[in-house]
Structures are given as C-alpha cells and as structure tokens.
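The structure appears right after this line, and notes come after that.
The values are calculated or read from the model by the stated rules, or taken from the named source; none is laboratory data. The model shown is predicted, which means the values in this text are computed figures rather than measured ones. For neighbour counting, all protein chains shown are included, and Cβ atoms are generated from backbone atoms with ideal geometry for every residue, glycine included. These accessible areas exclude ligands, DNA and RNA; they are computed on the full protein's heavy atoms, side chains included. Shrake-Rupley method; radii C 1.70, N 1.55, O 1.52, S 1.80 Å.
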Amino acid sequence: MVTVEELFAIDSLLSDDEREIRDTVATFANQRLRPHIADWFEEGTFPARELAPQLGELGLLGMHLDGYGCAGMSATMYGLACQELEAVDSGVRSMVSVQGSLAMTAIHKYGSEEQKQQWLPEMAAGRAIGCFGLTEPDFGSNPAGMRTRAKRDGADWVLNGSKMWITNGSVADVAVVWAQTEDEGRQVIRGFLVPAGTPGFSAREMHRKLSLRASVTAELDFDDVRLPADAVLPESRGLAAPLGCLSEARFGIVFGALGAARDCLAATIEYARTREVFDKPLAAYQLTQAKLADMALELGKGQLLALHLGRLKDRGEVTPEQVSAGKLNSSREAIAIARECRTILGANGITLDYPVLRHANNLESVLTYEGTAEVHQLVLGRALTDANAFR
Ligand code: TGC
Ligand code: FAD
C-alpha cells in the first residue's frame, strides 16, 4: 500500500529541514490537538488563549516573518505547517493564518517601528492574539465599498462602523481594522491598530455556525472609538494594503486545505479496507477504487501545485494571480474530496466519530473566505482576458 505522498514522491521534492518541520508540526497536531478536536467542534469552542503560547513556542505564529521574535522560515515551510494543522481542523490553521499571515503581516509590512516592537514579539510568542477586520456585513467580496470610517479630530482619529465574520475577534488583544479615511479630499483605505478594551470598541462572538465550529468568529463594533494619531499603520494606503496581507493568508490555504483532504482520504481508505458490504471489503469494489484513485489524483496534483507555488514564493516570484489559482484549486478540490469520502463512509460518515463531514463542513468556509471561489475565478478570468468582470 502507498500513501498519496508516496505515489507522487512528494518527499523527494522536500529538503531535510522541510521534512523535519513538517513532521514536528504533525506530531504536535496529532498529540495535542487531534484528541480534542471532535469535542471542540461539537461544543463550538476553541481554546485560543491556551493554544496560542504552544503554537508560539513551536514558531508557528508569524512563522514566515523575519525579526521581532518571528521564526523567519521559508514560505514552503510555512505552507507545510499549515497542511499539518489543517489535517486536524481548518479552525486551527485559521487561527494561525489570521494571527501570522493577516494581523502580524499587516503590522510587519505597514507598521511603524514602535508598533512592530510593541506587538510582534508578543504575538509571535502567542502572549497576544490579533485579528484582522476587513469584511463588513454588506461588503465581503467587495471590500472597496466598506462603510467603516476613520475621521481626524485634531491629532486623534475617531473610528465608526462594524466588521463581521472576524476570526479571533472576541479573543484578540489587538484588532487590525481597515477603514475609509479622507486624505487631502481623497478617500483612502488605511489600517488601524485598535487594542481590546478601547472605549467604544466591542466584540461579540458569533454562534450557530455549522462550519469552522472549532474557531472563534466575531462581530466587531466601533462607536466613536477615539484612537491616538499613532494608531494608524503609517505605510498602509489603499486597498492594496489589506489585499497584500490576503495574498499571504491565501498562500497558507493553498497547502492547508489539502491537509484536510488528505486526512479525509486516509480515514476513508482505512474504513473501506475493513468495512464489508455484500460479503467483501468496500475497498475491493471497482466503484470504490475509481473514487479513491480520482481523489488521490486531485490531492497529488494539488500538492505538486502547492509546492511549485511555494518554490516561486521563496524566490520572490509568485504573483497574486498564481496564489488565486492555488487557493481556488485547493479549496475546491478539497471540499470535493471530503464530500466524496463521506459517500464511502455511508451513515458513519455523518458522525463526529470520523473526520470527513467535519472537514467538509469546515471547507465550506474555506471555499468562501479569503476570496470566494467565484472571486478567484474572476481574478483568473481578468488575468487571462484583460477584461474586468467584477463590476
Ligand atoms: P483591484 O483594483 O483589483 O485592486 C486594488 C489594488 O490592490 C492590488 N491588489 C493586490 N495586491 C496584493 N495582493 C493581491 N491579491 C491583490 N489584488 C489586488 C491591485 O494591484 C490594486 O493596487 P493599486 O496600487 O493599483 O491600487 O481592486 P477591486 O476593488 O477591483 O477588487 C478586486 C478583488 C475583488 C479581487 C478584491 O477586492 C478581493 O480580493 N476581494 C475578496 C475579499 C477577500 O478575500 N476578503 C477576505 C477577508 S479576510 C478573511 O477572509 C480571513 S478568513 C480566516 C482565514 O484566513 O483563515
Ligand atoms: P458576498 O460577497 O456577499 O458573496 C456572495 C456570493 O456572491 C458568493 O458566491 C460570491 O462568490 C458571489 N459574488 C460576489 N461578487 C461577485 C461577482 N462580482 N460576480 C459573481 N459573483 C459574485 N473576513 C475578515 O475580514 N476577517 C476574518 O478574519 C474573516 N474570517 C472569516 C471566518 C469565517 C468562518 C467566515 C465564513 C468568513 C470570514 N471572513 C473574514 C469573511 C470572508 O472573507 C467573507 O465571507 C468572504 O470574503 C465573502 O464575503 P461575503 O460572505 O460577504 O459574500
């Protein structure tokens, strides 16, 4: 018997250091997270506070960033870590993505030296948690239309508006919040650092989710929130600033979503080899094998694409369109694999005794956040034709 990785000789494409990091993260995820994940999912909880220092100790928070206590690993290493975390649950990878690729990246790319010194070492160690507020109730795919506003009042800024669907939102020590500002009569989107507890800022956890249940998701409200002049991220000007952070997080999903798919396929193959129907193992039927072969093919192709993008990113050559292609492919194929695996598990597949429907439900969010599948199709369509079909 071979695994999909063996079938595609994936390990032969990795360095010793890359394999070591991947295996270290896999051991942590399997020992410390996997035994609890079904319960967290069922209860709709995620112990972010307790886990953040452990993730920090492993160097997983802001893993690909340099300096300020960050691990300074390669993009490929970060991707491999995301894959192992998401093999347990997309919620774990989400926490790490939002902390490192979104909140910390925003501060690292666009923050002042003082902001970096204040927040990045604490966040890298998992002593401080961050969130990233871009989406609003009426503006998800089209953040350019956001209504949240920051106005100058003397030297201060006054922030009004709301954000929705914000991962880590109600447990965060600091929120990176994107708002419209007026700059010399021109509307410009800028980023602000809003510490928890600032008067007028409230965060409320969202419940009744059927996906990403082991993840904290919150609504953020800003009611005349007065911020000092130095709360703005000085280098953030225009939508390109938050979109630049999204490219980092989308890259993590290119690898991460395949971890969820891999976990589904592994559980399904094990199940099919032992489950007997009509007097022989399910795995011995041609229909089952055709499903398994097709899923292995998509998983292997996805992993090869992810590694290729990792190598491009490590050479500083990856483009946002290439990341879109990877995010679209991985999230779309991963959810297809999870759903197909569920069919092989029959009724057992609908329970939390097996990971597949939990992963499939999570992947509904993964298909939607960080740019929906349709947004990435349109990004690719625009690149291929030069015609903008968004508006
Ligand atoms: P558009 O004119 O295309 O671009 C505006 C400016 O941004 C630049 N740009 C990018 N820069 C870096 N990376 C990217 N991926 C970029 N995409 C665009 C672009 O060059 C331009 O720069 P400049 O200097 O010329 O101004 O803007 P548009 O308004 O037409 O929108 C394009 C569109 C629809 C692709 C964009 O708005 C988009 O990506 N929408 C999707 C929104 C989204 O993904 N939201 C995610 C929120 S965060 C989240 O979901 C976290 S989930 C938790 C987890 O990660 O686990
Ligand atoms: P909409 O933009 O309303 O889209 C609805 C449908 O319309 C989709 O199918 C979409 O593809 C389609 N559509 C949109 N535009 C077009 C078009 N031009 N042409 C054709 N079809 C189109 N956001 C954050 O800022 N920070 C977070 O931490 C965060 N975490 C999240 C966690 C979870 C669990 C979830 C589910 C979401 C999270 N989000 C976060 C929000 C996420 O980024 C948005 O949900 C996503 O960008 C889509 O926006 P929307 O839900 O408003 O959908």
Work out, step by step, the length gained on full extension between Leu210 and Gln117: first 0.36 nm times the residue separation, then minus their alpha carbon distance; give nm to one decimal.
-> 29.7 nm
Give the share of C-alpha pairs in each 5 angstrom bin for region 55-127, from 0 to the last occupied bin, in whole percents, shortest bins first.
-> 4, 19, 30, 26, 14, 6, 2, 0
So what J values fall out for region 177-186 if you push phi through Karplus, 6.51 cos²θ - 1.76 cosθ + 1.60 with θ = phi - 60°, rounded to Hz, Gly and Pro as x?
-> 10, 9, 9, 6, 10, 9, 10, 6, x, 10
For Asp230 and Leu243, extending 7 Å from Cα along the Cα-Cβ vector and measuring point to point gives, in nm, a value of 3.2 nm
Region 131-237, Rg to Rh (Cα coordinates; Rh as Kirkwood inverse mean 1/r) = 0.97
How much mean residue ellipticity at 222 nm does the chain get from its helices, if each DSSP H run of length 4 or more adds -39500 (n - 2.57) and you divide by all residues, to the nearest 500 deg cm²/dmol?
-> -16000 deg cm²/dmol
Length released on extending from Asp153 to Ala9, taking residue separation times 0.36 nm less the Cα-Cα span | 45.8 nm
Could you work out how far helix 34-43 tilts from the main Cα principal axis of the chain, as a 0 to 90 degree angle to the nearest 10?
-> 60 degrees
For the Cα atoms of the chain, what angle does the longest principal axis make with the long axis of helix 356-368, in degrees from 0 to 90, nearest 10?
-> 40 degrees
Straight-distance crosslink candidates among aspartates and glutamates, where the alpha carbon sits under 16 Å from Lys116 and sequence neighbours closer than 8 are dropped | Asp66, Asp173, Asp230, Glu235
Where the accessible area of the chain is counted over protein heavy atoms with a 1.4 Å probe, how much of it, in %, is carbon and sulfur?
-> 51 percent
Where does helix 320-345 land angle-wise versus the long Cα axis of the chain, in degrees 0 to 90, nearest 10?
-> 40 degrees
For the chain, what number results from the quotient of the Cα radius of gyration and 2.2 N^0.38 Å?
-> 0.99
Calculate one ³J(HN,Hα) per residue across region 232-247 by plugging θ = phi - 60° into the Karplus curve 6.51 cos²θ - 1.76 cosθ + 1.60, and present them in order as whole Hz with x for glycine and proline.
-> 6, 7, x, 8, 8, 9, x, 5, 4, 5, x, 5, x, 6, 4, 4
Using a/c under 1.5 as the rounded threshold, could you call region 1-125 rounded, prolate or oblate? The axes a ≥ b ≥ c are square roots of the C-alpha gyration tensor eigenvalues, and prolate needs a/b larger than b/c, oblate otherwise.
-> oblate
With r defined as the distance between the Cβ atoms of Asp16 and Leu297 and R0 fixed at 30 Å, what FRET efficiency is calculated, to the nearest 0.05?
-> 0.60
Work out the length of the dipole vector of the chain about its Cα centre, built from +1 on the beta-carbon of each Lys and Arg and -1 on the beta-carbon of each Asp and Glu, and round it to the nearest 20 debye.
-> 700 debye
Cys in the chain lacking any partner Cβ under 4.7 Å -> Cys70, Cys82, Cys131, Cys245
If R0 is 25 Å, what FRET efficiency do you get for Glu57 and Asp314 from their C-beta distance, rounded to 0.05?
-> 0.55
Lysines near Lys209 by alpha-carbon distance under 20 Å, same-chain residues fewer than 8 away left out - which ones?
-> Lys163
